[in-house]
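Here is the structure we will look at, set down as structure tokens.
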Amino acid sequence: MAFEKLKENVLDTDVNIHAYLKSSEDYIKLKSFKVLMLGVTYITKVIVIGALTCIMLLILSFAVAFRLAQVLDDTFYGFLIVGLFYALVVMVVYFLRDKFNGPLLRKFSKCYFIKNDPK
């Protein structure tokens, strides 16, 4: 009689452990899907907004270059000035590239550690 009750308790425990493991597995799958989809949607937004921004910048650059060409009466110099402006911007960003690390690390660590806090 005592052994039957013990056997039932062990079987119930086994079933409960399997149910817990199954629900934990489902939770991990759901959590990983959520994180993956957040990443995919973020990357998609960045690509779309970045592509539209590049197109806008290209059109504006042509407009400025052609306007400068009209003012200077030489198309070459209009495009040269716009190209040199972008070269200057690239050099400034290149020399300040180390300044981006700190703010980026703080921003992403805040997002990562607050979202993954078990509280």
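The values are calculated or read from the model by the stated rules, or taken from the named source; none is laboratory data. Just so it is clear, the model here is predicted, and its values are computed rather than measured. Because the Cβ atoms are built from the backbone with ideal geometry, glycine has one as well, and the counts that use them run over all protein chains shown.
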Selected residue (only one of 105, 38, 80 is modelled with pLDDT under 90, surrounded by 11 or more Cβ atoms within 10 Å (Cβ to Cβ) and not small (Gly, Ala, Ser)): 38
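Give the stretch 48-69 a look and list any residue that's surrounded by 11 or more Cβ atoms within 10 Å (Cβ to Cβ) and not charged (D, E, K, R), or say none. Let's see the steps before the verdict.
Applying the first criterion (surrounded by 11 or more Cβ atoms within 10 Å (Cβ to Cβ)) to the stretch 48-69 yields 57, 60-69.
Hits for the stretch 48-69 are 57, 60, 61, 62, 63, 64, 65, 66, 68, 69.
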Every pair of residues 6+ apart whose Cβ atoms lie under 7 Å, when the first sits in the stretch 46-69 and is closer than 16 Å to residue 89 by Cβ while the second is hydrophobic (A, V, I, L, M, F, W, C) and assigned to a helix (DSSP H, G or I): 61/82; 64/82; 65/79; 65/82
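Do we have any residue at all in the stretch 43-50 that's closer than 30 Å to residue 80 by Cβ, modelled with pLDDT of 90 or more and under 26 Å from the mean Cα position of the chain (by Cα)?
Initial filter on the stretch 43-50 (closer than 30 Å to residue 80 by Cβ): 49-50.
Applying the additional criterion that residues be modelled with pLDDT of 90 or more yields 49-50.
Next, from what is left, pick out any that are under 26 Å from the mean Cα position of the chain (by Cα): 49-50.
Yes - at least one qualifying residue is present in the stretch 43-50.
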Residue check, residue 75 modelled with pLDDT of 85 or more and more than 31 Å from the chain's Cα centre (by Cα): yes
